[in-house]
Structures are given as C-alpha cells and as structure tokens.
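Here's the structure, in structure tokens; my notes come after.
The values are calculated or read from the model by the stated rules, or taken from the named source; none is laboratory data. Note that the coordinates shown come from a computational prediction; the quantities given were computed from them, not determined experimentally. Cβ coordinates were reconstructed from backbone atoms using ideal geometry, including for glycine residues, and neighbour counts include every protein chain displayed. When the accessible area is computed, the model is the full protein with side chains, heavy atoms only, and any ligands, DNA or RNA have been set aside. Shrake-Rupley method; radii C 1.70, N 1.55, O 1.52, S 1.80 Å.
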Amino acid sequence: MEPPLSGGPARDGAGSRDTGSRPRTVVAAPADTGSTEAVGGTDRTRVRRLPELAVHDRATLHAVLDAGRVGHLAIGDGHQPYALPVAYARDGERVLLHGSTGSRLFRHLAAGAPACLTVTLLDGLVLARSAFASSMNYRCAMVLGELSVVDGDDRLVALERISEHLLPGRWAAIRPPSAKELAATLVLALPLDECSVKVSAGPPDDDADDLDRPVWAGVVPVEETLGTPQPDPRLRHDLPPPEW
C-alpha cells in the first residue's frame, strides 16, 4: 500500500486550518513531465474557504491521486445531480476510469457531459477542546472537466494501468479481458487541466480561552491497512497470496 503523505518536511508559507500559524506538512511526489499549469489557477478551482490550505503545485496533486484508490465522480442529469464511487488510476496528466457500457451516466460522460471528480484521503481526527474547533486532517483533490473515450489498443493499456494501480502485479498473472468483456466496458479519461488541492494537517486550533478546559486534545491518526488475505474456497492450487 502507499505510505502516508503526511509527516514530511514543513513547507514555507503552508498554513493551518485557521490562522496560518502552524506549518502544514506534505510529502510531494516527483513531478511528471506534461502540463506545468499551476493547480487551482481558475476561478472555479480557487479555494475560497480557508485558502491558506490550498496547495498549488502539481506534484502534490499527483501524490494525492496516486495515494487514493476510490474517487467520487459527480455529474448532473437534468435537475438531479449524482455522485458515483469509481475506481481510477492516474496516467500522467489525466485520470483513467472505467464502467459499464450499459450505464446511462457513463454514456452521458462519454458524450461529453461536464463532471467533477474528487479524491479525499482522511489522515486523522482532530480532537479539539470545543465542538467548533474539532476537525479532520485530510488531503483532497478536485478535478473538473469533460471526459473522453479511450478506445483501440489504448483501451487495454488503460485497463492494465487501472488494474496495476489497484492490484499491483496482478495483470501479469490473471486472464486479460475477453472481446466480449471489452465490448461491455467503457474506458474514459479526464484531463488534469482544471484542478484544486486542499490539505489540512496539524494539531487542534483551539481558542486561547479553551486551553484550560480539562479535555484531552490532539490528533488521532487514521491509517489505511490491508488485512490478512482470505483465500477463495474454490482455490485449486496451493499458492501464496500477493505480498503487499
């Protein structure tokens, strides 16, 4: 699994949830080649609530997307909005997703309907001395845009990319999709052209008047872990589970 991204060296100018007095710590991945446009550079992606938590470098955007496995894809259908949980993988300066050709919403997306993808990583529960100051430590990326269909030979490459992001090393061992399965699968790509990233980290930001309250305060880390593999009851070969 991916290592936590919090706890690295502090960055100059990184703010707290409220006053900007505490450093925010983020470990950024090496920048990929491709777009160099600053994150949060449009009116729609500018962080307005607690703007000091906004992160504008693309390396941090990549790091958040690479650490996540599930995103939420929002789309409007008439007057009704929908948000779908989706598996995804970052491929350079785009995000790859797949779904059923029978999905009405995925067909809308394939036709160019505008969408919003969010990926949120919960890093900790911030226990303050007041309900108002209690919060969460998190990393969140938002991507706006229109998705395009990935087809031809690129579709199988994209499916391998998604598989390897979610299940490292499995693609080489498992059966690849059949022609029938490929015909039932839509693969879409969302460019990382209009994005924002917001990161909140650090201890509680209690008011000075609350510091003498006899209440424990601090951060309870939240970590994602993989459990003990449970073999399929129909497993016919004595094979070890993947070493993740």
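Out of R129, R139, one residue alone is closer than 21 Å to C195 by Cβ, among the charged types (D, E, K, R) and in contact with a helix residue (DSSP H, G or I) (Cβ under 8 Å, 6 or more places away or on another chain). It is R139. Residues in segment 202-216 that are of a type outside the set (F, W, Y) and touching a residue at least 40 places away in the same chain (Cβ under 8 Å): G202, P203, P204, D205, D206, D207, D210, L211, R213, V215. Considering segment 29-62, the residues that are among the hydrophobic types (A, V, I, L, M, F, W, C) and in a helix (DSSP H, G or I) include one that is modelled with the lowest pLDDT, namely L53. Of all the residues in segment 68-81, those that are touching a Leu at 6+ places or on another chain (Cβ under 8 Å) and either surrounded by fewer than 11 Cβ atoms within 10 Å (Cβ to Cβ) or more than 13 Å from L117 (Cβ to Cβ) (or both) number 2.
So, of the residues in segment 168-192 that are in contact (Cβ under 8 Å) with a residue 60 or more places away in the chain and not in a strand (DSSP E or B), which turns out to be least open to solvent (accessible area, probe 1.4 Å)?
The selected residue is L192.
Within segment 201-216, not a single residue is part of a strand (DSSP E or B), open to solvent by less than 70 Å² (accessible area, probe 1.4 Å) and on the phi < 0 side of the Ramachandran plot.
The number of residues in segment 97-130 that are under 15 Å from A141 (Cβ atoms) and either open to solvent by less than 50 Å² (accessible area, probe 1.4 Å) or not in a strand (DSSP E or B) (or both) comes to 8. For G68, the requirement of being of a type outside the set (A, V, I, L, M), in contact with a Ser or Thr (Cβ under 9 Å, 6 or more places away or on another chain), at pLDDT 95 or above and within 21 Å of R161 (Cα to Cα) is met.
Only one entry of A128, A89 meets the criterion of being in contact with a Pro (Cβ under 8 Å, 6 or more places away or on another chain) and at negative phi, and that entry is A128. Restricting attention to segment 145-164, the residues being in a strand (DSSP E or B) and buried (at least 18 other Cβ atoms within 10 Å of the Cβ) number 1. Screening L226 with (1) touching a Leu at 6+ places or on another chain (Cβ under 9 Å); (2) among the aliphatic types (A, V, I, L, M); (3) open to solvent by 40 Å² or more (accessible area, probe 1.4 Å) gives one miss only, at (1). If the condition is being free of Cβ contacts under 8 Å to residues at least 60 places away in the same chain and either open to solvent by less than 60 Å² (accessible area, probe 1.4 Å) or under 19 Å from G112 (Cα atoms) (or both), then segment 131-144 contributes only V143.
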